[in-house]
């Protein structure tokens, strides 16, 4: 088993994040949930986005690294939505065994144009109708991973929810897609932990 550093979405550490941590722990992994908002949680994307903007990306990248400072090399970096960008950044700064991205992928050029670590595998989950999905960003991230000699698995799910694993967001939650995501994500963790 492995250690997983888990980064929340713009909405904070909501039930979808705590459920993710519980599922990973039940599978035998150690999990560190990196709370970049000091406990603040949002229901509204616009309100949460205002906090995100007020903190700023450089400060958030700094707290992402601070959140994994005590972890030994070889952990899995994972994140939801903008937390996926945090996971990507951490993976370019620390030695990770894999990267799990849920409903988010950023071209590395947006993170300071850092190179993808040699051979590092990643798995990306999105719903096909996610209103925040940007195909050009997915393609650019796939190119970044390929340039680094890594393999990106893109797992598309039916539906249109963004944070589709969060049962406290009924307009987005999809229980079938959630179960499929966790089958694939836990299998990925087992592969990279070996």
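Rule-based calculations on the coordinates, nothing more; no lab input. This is a predicted model, so every value here is computed, not measured. Because the Cβ atoms are built from the backbone with ideal geometry, glycine has one as well, and the counts that use them run over all protein chains shown.
Sort region 3-193 into rounded, prolate or oblate with this rule: let a ≥ b ≥ c be the square roots of the eigenvalues of the Cα gyration tensor; rounded if a/c is under 1.5, and if a/c is not under 1.5, prolate when a/b is larger than b/c, oblate otherwise. Rounded shape, in that the Cα axes give a/c under 1.5. Ranking of 54, 168 by neighbouring Cβ atoms within 10 Å, starting from the fewest: 54, 168.
Extension gain for the segment residue 38 to residue 151, taken as residue separation times 0.36 nm less the Cα-Cα distance, is 37.3 nm to one decimal.
Calculated on the Cα set of region 71-172, radius of gyration then Dmax: 13.2, 39 Å.
Mind checking which of 122, 84, 59 has the largest fluctuation in a GNM of the chain, springs on alpha carbons under 10 Å? Comparing 122, 84, 59 in a Gaussian network model of the chain, the most mobile one is 59. Round to a whole angstrom and tell me the spacing of the C-alpha centers of region 13-79 and region 179-194. Using only Cα atoms, the two centres lie 19 Å from each other.
What does the C-alpha gyration tensor say about the overall shape of region 122-174? Classify as rounded when a/c is under 1.5, otherwise prolate if a/b is larger than b/c, or oblate. Intermediate results must be reported in sequence, preceding the final value.
Details: a/c = 3.29, a/b = 2.31, b/c = 1.42.
Taking the square roots of the gyration eigenvalues as a ≥ b ≥ c, region 122-174 is prolate.
Using Cα pairs under 8 angstrom and six or more residues apart, how large is the relative contact order of region 79-194, in percent? RCO, region 79-194: 23 percent. Relative contact order, whole percent, for the chain stands at 20, derived from Cα pairs under 8 Å and 6 or more residues apart.
Packing-wise, with mean Cβ within 10 Å as the measure, how do 160-166, 176-182, 41-47 rank, highest first?
Put in order of decreasing packing, that is 160-166, 176-182, 41-47.
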